[in-house]
Amino acid sequence: MHQLTFVKLGGSLITDKRRAGSYHADAVRAVGMALHDVLRRDPDHRILIGHGSGSFGHVVAARHGTIDGVRTPDEWRGFAEVASAAADLNGLVTTTLREVGLPVWRLQPSASALASDGELTTMAIDPIRAALDHALVPLVYGDVALDTVRGGTIISTETVFFYLAAHLPVTEILLLGDVDGVWDEQRQIIPLITPSRFASIQHALGGSAGTDVTGGMLGKVTHMLRLVTAQPGLSIRIMGGEPTQIASVLDGSADYGTLIRANDEHDARLTPARN
C-alpha cells in the first residue's frame, strides 16, 4: 500500500484574503517544488492536493450568503458566480504546479458533489483513485455543491478531505496556511490538540484574517478533530508553507506546527521550541 498524504494549500497562503482576486504564485510554486522533490525521492509516495478559495471564492460567497442556502434566482446566479471564481483560482494553481513538474489532474468537486444540510454525502471517488494508481496528483478545491436541504451550499477543502478520508487510505494531512500553527492566547504555537485537550484551548481560537465563510481557525480545528475521531490512525498537521519544513514533515525527520490526532500519548518528536 502506497503512503498517501493530503496537502491543503490554504486560501491564506495562496491569496490575500483581504484583496479580491489576489494570487500568490510564488507561494504555490515554492510548495509545489517541495512536493515535487518529495515525490522524486520517494516515487511510491502518493499526494493529493486541495486548495482553499481565499480571496476568490470567499469574497463572492460572503456577498451572496451561499453557504446558508441557495433558493432565489439571484442566489442561484450567485452560486454560479462562486463556482466560477473558485474555478478561476484552481486554473491558476494548476498552471503553477504543472510548471514545477507536478503531474496534477484538476478535478472539480461540484461536478459530482451532493451535500445534505452542509454535509458532503456524495462525490466521485473513482477518478481520484485512478489518478493515484497512475502516480498522478489529484487536485481538488473548495467549491459549491448542490444540497438536498439548502438547495446549494459551499463545501470547504476540509469538508472534501473529510469525505475523501473515509474512502481513501490516507494517513497524514497537512494544512498549510500563512501562520506556523494554531496559536494560544500568548501567540505561542500549541504543539498538540486532541479531543480531550480541546476544551482547554478552544477559547484561544479566533476566526481568520480577511473573509472566510467556512469558519476560520476554530472551524478548521473543530472539523479536523471530528475527522481524527472518526479515523483514529490519521494525523493532521496545521503549519506554514515553508518548503524545507514541509519536506522534513513528509520524510519524518522533524515536526512543525500543530499536530491534531485522536489520542494524547507522548511523541518525542514534538518540539515546541522550533516553532
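Could you figure out which of (1) touching an Asp or Glu at 6+ places or on another chain (Cβ under 9 Å); (2) assigned to a helix (DSSP H, G or I); (3) farther than 27 Å from PRO169 by Cα; (4) not acidic (Asp, Glu) isn't true of GLY78?
Only one criterion in (1) touching an Asp or Glu at 6+ places or on another chain (Cβ under 9 Å); (2) assigned to a helix (DSSP H, G or I); (3) farther than 27 Å from PRO169 by Cα; (4) not acidic (Asp, Glu) is unmet by GLY78, namely (1).
Let's see how each residue does on (1) at pLDDT 95 or above; (2) basic (Lys, Arg); (3) crowded, with 24+ Cβ neighbours inside 10 Å:
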position	(1), (2), (3)
LYS8	yes, yes, yes
LEU13	no, no, no
ARG46	yes, yes, no
SER53	no, no, yes
ALA61	no, no, yes
HIS64	no, no, no
ILE67	no, no, no
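Run GLY21 past the list (1) more than 15 Å from LEU175 (Cα to Cα); (2) crowded, with 24+ Cβ neighbours inside 10 Å; (3) of a type in the set (Gly, Ala, Ser) and report the number of the one that doesn't hold.
(2)
Name the pairs whose Cβ atoms lie under 6 Å apart, with the first residue in the stretch 128-144 and assigned to a helix (DSSP H, G or I), the second surrounded by 22 or more Cβ atoms within 10 Å (Cβ to Cβ), and 6 or more positions between them or separate chains?
Listed pairs, sorted by first residue: ILE128/PRO138; ALA131/PRO138; LEU132/ARG46.
Quick one: TRP105 ticks every box in (1) more than 17 Å from the chain's Cα centre (by Cα); (2) farther than 14 Å from PHE6 by Cβ; (3) surrounded by fewer than 22 Cβ atoms within 10 Å (Cβ to Cβ); (4) of a type in the set (A, V, I, L, M, F, W, C) except a single one, so which number is it?
Every listed condition holds for TRP105 apart from (1).
Using the structure shown, decide if VAL149 is buried (at least 19 other Cβ atoms within 10 Å of the Cβ) and β-branched (Val, Ile, Thr).
The answer is no for VAL149.
State whether the residues of the stretch 129-136 include one that is among the acidic types (Asp, Glu) and out of contact with any strand residue (DSSP E or B) (no Cβ under 8 Å at 6 or more places or on another chain).
Yes; the residues of the stretch 129-136 include at least one that is among the acidic types (Asp, Glu) and out of contact with any strand residue (DSSP E or B) (no Cβ under 8 Å at 6 or more places or on another chain).
From the list VAL82, VAL28, exactly one residue is of a type outside the set (Phe, Trp, Tyr) and more than 17 Å from LYS8 (Cα to Cα). Which is it?
Answer to the selection: VAL82.
The values are calculated or read from the model by the stated rules, or taken from the named source; none is laboratory data. Values in this document were obtained by computation on a predicted structure and should not be read as measured data. Cβ: placed from backbone, ideal geometry, glycine included. Neighbour counts: every protein chain shown.
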